[in-house]
1. Give me the number: length gained by fully extending residue 432 to residue 77, i.e. 0.36 nm times residue separation minus the C-alpha to C-alpha distance, one decimal in nm.
2. For residue 297 and residue 90, FRET efficiency with R0 = 41 Å and r from the beta-carbon atoms, rounded to 0.05?
3. Taking the Cα centroid of the stretch 327-398 and of the stretch 454-533, what is the distance between the two, rounded to the nearest whole Å?
4. State whether the stretch 360-470 is rounded, prolate or oblate according to the following rule on the C-alpha gyration tensor (a ≥ b ≥ c being the square roots of its eigenvalues): a/c under 1.5 gives rounded; otherwise a/b larger than b/c gives prolate, and the remaining case gives oblate.
5. Would you calculate the separation in nanometres between label points at residue 476 and residue 368, each defined as 7 Å from the Cα along the Cα-to-beta-carbon direction?
6. Using alpha carbon centroids, what distance separates the stretch 246-278 and the stretch 550-596, in Å?
7. If R0 is 41 Å, what FRET efficiency do you get for residue 112 and residue 549 from their C-beta distance, rounded to 0.05?
8. Decide, for the stretch 395-543, between rounded, prolate and oblate: order the square roots of the alpha carbon gyration tensor eigenvalues as a ≥ b ≥ c, take rounded if a/c falls under 1.5, and otherwise choose prolate if a/b is larger than b/c, else oblate.
């Protein structure tokens, strides 16, 4: 055999071996493909679907908070948002840099994003921004192929259209705290754009307002962008329920206008049902600022404001009720028969007890006054005399019957009980003996006595009702506790009511105005009060300070007024306190007169008297 034949035979053997090997490899590959595509087809279909499909949480619309007429006080407003899913983002810093070229991200925002990424599972979306304008949102959508794991989408943010007029009542929403995340297993809590109630009605009724999350199946592409939604396995979100308040948004706004730049609070209450038409603390603050988070500068401005805009003064501020407390003392004195209402006491302008003078607000005195005149002119000496015959231990039960020293079921935190003192209270709280001077101070609503503007409103509503211990109601549909009878002698109530009318409608009354409410045929009953902060010191007198209005704002007296109208067939009661509004209660009386007049107008009671001007 030649060498050429040997080479040809070797090549043929190699070709045969390669062919057999190739056929074997192909057979193995074909078998593997058959196994994967046919035998394991269903298993790998599931894996493939899991790669292509996600189940996204569907956020429910938060329920609205509405006033008594259906006007939205808290609603949801469309916004544009951006989130990133850490497990789909290979380069966090690079991705944030690319986002920053379109949507500027401050250093604090970047730090917050990284903190959120490191504090939770990597599949949980992290919020980048939730207040993006439409143009930026559009540019982000165009750049999506360059931003894998980044998802722009439309959402809804909480919005308070009145910008703060109801801030203390509504409260606001915010991000869940770590403790809330730990305690609440609702899947909504893990969503980066979810906001829960933090204060006010938003907090108290959070479960009712938040609704229930839904679920939808979505198909995503390689960069995580949704390309298709599927109806199978879809669970619709359940929107939160609306909460209706008894408040009147127009009346509340009018109250804010009347206060202007003053600080304090006002409540207006239906004397028959207890429904609150106004519950306002001043100054207001814009609760929209809290939805996405305050800046340091904004927080500092609120926190350092001497008028404390975040503090709910109408339910949480403790102030001396001043002479508005005299109605309570009158009822106790009548019940215990320590004085006949016709008996007269001579007011010289002061009462001397021990080694101290207790002055009447009118230093020259009122002369001879009976009970009616004493309340009408607010004679302190008259009440100094009857409290010595009576004692504060006999006054306290009447104060409590009228709502002082009480908290009410409003669904709002921050209420205080205030203080209705007596000898046992002082001994328990301060460890000291009650003295006659304590009684004299308490008789005119000073000293240890502290009340809130809401409590004074409730007191006035019960005086106007005269029969039932009506309690304030804020949320429509809330369970109303069974109203108890006041259990106060109706003849005694009539004496107090008549004197309160004289305060406003008779010449010489401390709140007398010729035009009254400014409504034809409608009379007002009420009482003035000056809550003392402190007296003028000797040094201040030597420096030329002669009256309370010349003191620094923080040291001036509080202006207080309570009233109800109409005097016949009462409809509404109101309590007004103007912090450091000065002596004489003129500021508070004018606010009360006007807001009661407006409440009656809106309720179809009374016509405006156009023959007289405004006061």
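No value in this document is a laboratory result; all are computed from the given coordinates. Not measured: the values here are computed from a predicted model. We place every Cβ from the backbone using ideal geometry, glycine too, and count neighbours over all the protein chains shown.
1. Numbers: separation 355, 0.36 × 355 = 127.80 nm, distance 5.76 nm.
Between residue 432 and residue 77, full extension yields 122.0 nm more.
2. It comes out at approximately 0.65.
3. After rounding, the separation between the Cα centres reads 20 Å.
4. oblate
5. 5.7
6. Between the Cα centre of the stretch 246-278 and that of the stretch 550-596, the gap is 13 Å.
7. In this case the efficiency is close to 0.25.
8. Details: a/c = 1.70, a/b = 1.11, b/c = 1.52.
Oblate, since a/c reaches 1.5 and b/c is not below a/b.
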